[in-house]
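The structure appears below as structure tokens.
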Amino acid sequence: RARGNDADGSGGRLSDLGLARLLSPGNMLTGTGRAFATGGGLKEGRGRVEGGDPLSFYAFVDNHPWAEFRQCPKVVIGAVNGLCHAGGVIAAASCDITIAAESARFALTEGRVGLADAVAPSLLSSRLSLAKLKYLLFTGKEISATEAERIGLVTEVVPDDELDRRVAEVVGEVRRTS
């Protein structure tokens, strides 16, 4: 079980989540505290852009862990336990199965600070309608877990106190098909 987020202000880069632990038996990605993952530090990313080189932001993009999630030979299950913003949405969408607690909230927040997300359009275009994807990217609007399930961003939503139990059930379901 890999855990990590940016709720503590540590930067929350997905590379800090402990990828080696994620790829070991029990492939579940979840957060600690009040957040699943809030991605990298958008202030740092914006600072790079404001530094004069418009391409410097892309040196900041950390999408290698997402590729690892998507290409993992084992099933990766995301258990979204709270805030899921920016790169956290990409992490959740990169999982094979994503289960969210009812209180989870999702947002592609890069636009709020004037940044264009480099990964979300290509990754999410197969899950969301183009109209909904553009709306979320252009507005940075936060949506509920129920709305995230309705539009295809997550697989299932469960009451907060049932998240761990439901993930364990899904792990059992997946093991029966292996």
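Hey, can you tell me all the residues within region 116-154 that are aliphatic (A, V, I, L, M) and assigned to a loop (DSSP other than H, G, I, E, B)? I'd like the intermediate steps shown before the answer.
Pass one, region 116-154, residues aliphatic (A, V, I, L, M): 116, 118-120, 123-124, 128, 130-131, 133, 136-137, 143, 145, 148, 151, 153-154.
Correct list: Ala116, Ala118, Val119, Leu128, Ile151, Leu153, Val154.
In this structure, does Lys141 turn out to be touching a helix residue (DSSP H, G or I) at 6+ places or on another chain (Cβ under 8 Å), surrounded by 12 or more Cβ atoms within 10 Å (Cβ to Cβ) and of a type in the set (Lys, Arg)? Even if it seems obvious, please write down each step before you answer.
Values: touching a helix residue (DSSP H, G or I) at 6+ places or on another chain (Cβ under 8 Å): yes; surrounded by 12 or more Cβ atoms within 10 Å (Cβ to Cβ): yes; of a type in the set (Lys, Arg): yes.
Yes: the conditions hold for Lys141.
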Inset, instruction - Please enumerate the residues belonging to region 146-177 that are in contact with a Ser or Thr (Cβ under 7 Å, 6 or more places away or on another chain) and under 30 Å from Ala118 (Cα atoms). - result: Val154, Thr155, Val157
Legend entry - Top-ranked residue in region 145-154 [being in contact (Cβ under 8 Å) with a residue 40 or more places away in the chain and open to solvent by less than 30 Å² (accessible area, probe 1.4 Å); ranked as nearest to Leu124 (Cα to Cα)]: Leu153
Inset, instruction - Determine if region 155-163 includes at least one residue that is β-branched (Val, Ile, Thr), touching a strand residue (DSSP E or B) at 6+ places or on another chain (Cβ under 7 Å), open to solvent by 30 Å² or more (accessible area, probe 1.4 Å) and in contact (Cβ under 8 Å) with a residue 60 or more places away in the chain. - result: no
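Looking at the structure I just gave you, is Arg127 modelled with pLDDT under 90 and open to solvent by 20 Å² or more (accessible area, probe 1.4 Å)? First the steps, then the outcome.
Details: modelled with pLDDT under 90: no; open to solvent by 20 Å² or more (accessible area, probe 1.4 Å): yes.
The answer is no for Arg127.
The values are calculated or read from the model by the stated rules, or taken from the named source; none is laboratory data. The model shown is predicted, which means the values in this text are computed figures rather than measured ones. Cβ atoms come from the backbone with ideal geometry, glycine included; neighbour counts cover every protein chain shown. With ligands, DNA and RNA removed, areas are computed over all heavy atoms of the protein, side chains included. Shrake-Rupley method; radii C 1.70, N 1.55, O 1.52, S 1.80 Å.
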